[in-house]
1. Being in contact (Cβ under 8 Å) with a residue 24 or more places away in the chain, over 27 Å from B:VAL170 (Cβ atoms) and not charged (D, E, K, R): is that true of B:PHE63 here?
2. Considering only the stretch A:55-100, how many residues are among the basic types (Lys, Arg), away from DNA strand D (no atom under 16 Å from the Cβ) and surrounded by fewer than 20 Cβ atoms within 10 Å (Cβ to Cβ)?
3. Residues in the stretch A:181-194: is at least one closer than 30 Å to B:ARG187 by Cβ and either surrounded by 19 or more Cβ atoms within 10 Å (Cβ to Cβ) or facing chain B (nearest Cβ under 7 Å) (or both)?
4. Answer yes or no: is there a residue in the stretch B:157-173 that is facing another protein chain (nearest Cβ under 7 Å), surrounded by fewer than 17 Cβ atoms within 10 Å (Cβ to Cβ) and modelled with pLDDT under 90.
5. Say we look at the stretch B:42-54 and pick out the residues that are more than 8 Å from DNA strand D (Cβ to nearest atom) and surrounded by 14 or more Cβ atoms within 10 Å (Cβ to Cβ); which of these is farthest from the other protein chains (Cβ to nearest Cβ)?
6. Looking only at the stretch B:97-152, which residues are free of Cβ contacts under 8 Å to residues at least 40 places away in the same chain, more than 11 Å from chain A (Cβ to nearest Cβ) and under 24 Å from B:TRP180 (Cα atoms)?
7. Considering only residues of the stretch B:43-67 that are touching a helix residue (DSSP H, G or I) at 6+ places or on another chain (Cβ under 6 Å) and of a type in the set (D, E, K, R), which is nearest to B:ARG126 (Cα to Cα)?
8. Just checking: which of the helices (runs of 4 or more DSSP H) contained wholly in the stretch B:1-102 hold 2 or more residues that are under 15 Å from the mean Cα position of the chain (by Cα) and away from DNA strand C (no atom under 14 Å from the Cβ)?
2 protein chains.
Amino acid sequence: MESSTTSGGTSRREATRQKLYEAAVTLIAEQGFSATTVDEIAERAGVAKGTVYYNFASKSVLFEELLRHGVGLLTASLREAAESTARGGGSKVDALDAMIRAGLVFIDRYPAFTQLYVAELWRTNRAWQSTLMVVRQEAVAVVEGVLREGVAGGEFSEEIDVPLTAAALVGMVLVAALDWKSFQPERSLDDVHAALSRLLQGRVSGRR
Amino acid sequence: MESSTTSGGTSRREATRQKLYEAAVTLIAEQGFSATTVDEIAERAGVAKGTVYYNFASKSVLFEELLRHGVGLLTASLREAAESTARGGGSKVDALDAMIRAGLVFIDRYPAFTQLYVAELWRTNRAWQSTLMVVRQEAVAVVEGVLREGVAGGEFSEEIDVPLTAAALVGMVLVAALDWKSFQPERSLDDVHAALSRLLQGRVSGRR
DNA sequence: CTTTTTGAACTGACTGGTCAGTGCAAAAAC
DNA sequence: GTTTTTGCACTGACCAGTCAGTTCAAAAAG
C-alpha cells in the first residue's frame, strides 16, 4: 500500500526523516544544537531514539542534512523571485525587491530554521562549518548576481561593493524579519515589506 | 602586584573576573554556551575551577554578566557617536553614519562578543532571555532615537517605520561586519564603512 | 588577620550512541 | 489460498563517558 501522505516524500522512511527535521528544527532553534538532546528530538517527532540513528548517522549529520534541506528551499525561492521579475522585463531594483519579499515569505514560513541558521553561521571550529559555508554562498550568490547585472546594465553605480552590499542587504532583511517575528508578530508581511522597500530605495532620507 | 591593564577594574577580584570574561567570550562564540565547559573557561583564563565559582554563582550567571558588560560597552559607544555629531551640528544622516562606524569599530574590536550575541538573541526559552531583551532594547533605542529626531526635524520621511527601520539598519551593519571579519578580514574598516554609507544614503540605485 | 585563589577529589544527573529484538507487509514457496 | 520467509523500519533498555557544581584544606596575597 502506498502511503497517501502529502509532500513528495514517498517511502515511510522519508516521512520519518521529515518528522525528525521538523522536530529538530524547532528544538535547536530554541535551545541551540548542544543543548538539544537526541531524546528530545525523538520524543517530539514521536519516534524512538533508535529511529533517529537508523535514519541518520549521528546527531551532527542530522543537523547538517537539515541545513542543506532548508537552505535549498530558500535558494530556490530567491532564484524564482529574481527570474520572475526578469521575465516581466522588470528593473534590477524590482528584482531585489522581489527577493526581499521572497526572503520575508521564507522567514515567515520557517522562522525556526532562520533562527537556527543565523545562530550557527558565524561560529568557528564546528563540524558542519563547511556545509554552512557552502549553502550560505549558494544563497548570497543569487543576490550578488542581481547586483552585478545591475552594475553591468548601468542601473547601479559601479562603485558599489557587490559582496559587501549583498551581505548588508541579506542582513537587513534577516534582522528586520527576525525582529518582526520575535517582537511584533502581529504585523503583516506587506507592512514589513513596504518598510524595507522604502529603505532599499533610499526613500528614508530623501525628502519627497 | 597591580595589573597594569586597561579598563577600570581595580581590585584583584575584578581583574580575575575580566580574565574570565575574556576566556568565556571566545570559547562561547566558537562553540556556543552549552558546548563550552567551565573547565575550559578556567583553563583558558589561567585560573582554577574553584575560582570561577568563587567569582560567579554559576555558569549561567557568568554568561549573563558577560552579556551585560559587553552590550554596555556598545551602547555607550553608540550614544557617544550620536552625541558627538549632534554637538557638531551635523544632520541626522551624519549621526546614523557615525553610529554605523561606531558599530563597525565595536565589532572590529570585539568580534567574538558580537558573534555570541547574535547567536543568542533570537532564541527562546533560555534562562538569560530577559537580560538579552533588556540590553538589546538599550542599544536599539539609541538608533530609534536618532530616527525619531530625524522625522521630527523633517529630515526623514514621516512614513518610515522607526522600530523596523532601526532593526534593519542594525542588521545591515551586523551582517556586513560579521561577513567582513569572517570572510574578508584583510579589508579596512574605512572601506567597509564607505560601502555601508553608500547603501544608507541610497546611492546604490541612484544613477549619478 | 582577611580576602582571594588553588587544585584535586567527588557526586549525581544527563547524554550520545549501541544493539538485540519486534512488527509487519510483500514476496516466495507450496 | 495458505504458509513461510525475507528484510526494512523501528524500538527502547542499556552503557560508558561527560559535565556542572561542591567541598575543603591549605597556600598566596595584601
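1. Numbers: in contact (Cβ under 8 Å) with a residue 24 or more places away in the chain: yes; over 27 Å from B:VAL170 (Cβ atoms): no; not charged (D, E, K, R): yes.
Criteria not met by B:PHE63.
2. First, the residues of the stretch A:55-100 that are among the basic types (Lys, Arg): A:59, A:68, A:79, A:87, A:92.
Still in the running and away from DNA strand D (no atom under 16 Å from the Cβ): A:68, A:79, A:87, A:92.
So of that shortlist, the ones also surrounded by fewer than 20 Cβ atoms within 10 Å (Cβ to Cβ) come out as A:68, A:79, A:87.
Summing the residues that are among the basic types (Lys, Arg), away from DNA strand D (no atom under 16 Å from the Cβ) and surrounded by fewer than 20 Cβ atoms within 10 Å (Cβ to Cβ) in the stretch A:55-100 gives 3.
3. The initial filter retains those residues of the stretch A:181-194 that are closer than 30 Å to B:ARG187 by Cβ, namely none.
The answer is no, given that none of the residues of the stretch A:181-194 is closer than 30 Å to B:ARG187 by Cβ and either surrounded by 19 or more Cβ atoms within 10 Å (Cβ to Cβ) or facing chain B (nearest Cβ under 7 Å) (or both).
4. For the stretch B:157-173, residues facing another protein chain (nearest Cβ under 7 Å), surrounded by fewer than 17 Cβ atoms within 10 Å (Cβ to Cβ) and modelled with pLDDT under 90: absent.
5. At the first step, the residues of the stretch B:42-54 found to be more than 8 Å from DNA strand D (Cβ to nearest atom) are B:42-48, B:51.
If we keep only those that are surrounded by 14 or more Cβ atoms within 10 Å (Cβ to Cβ) as well, we get B:42-45, B:47, B:51.
Details: B:ALA42: 19, B:GLU43: 16, B:ARG44: 14, B:ALA45: 19, B:VAL47: 23, B:THR51: 24 Å.
Top of the filtered list is B:THR51.
6. Within the stretch B:97-152, B:ALA98, B:ALA102, B:PHE106, B:ARG109 qualify.
7. B:GLU64
8. Working: elements: B:12-31, B:38-45, B:49-55, B:59-87.
Correct list: B:12-31, B:59-87.
The values are calculated or read from the model by the stated rules, or taken from the named source; none is laboratory data. Only a predicted model underlies this, so the values are computations on that prediction, with no experimental measurement involved. Positions of Cβ are backbone-derived with ideal geometry, glycine not excepted, and every protein chain shown enters the neighbour counts.
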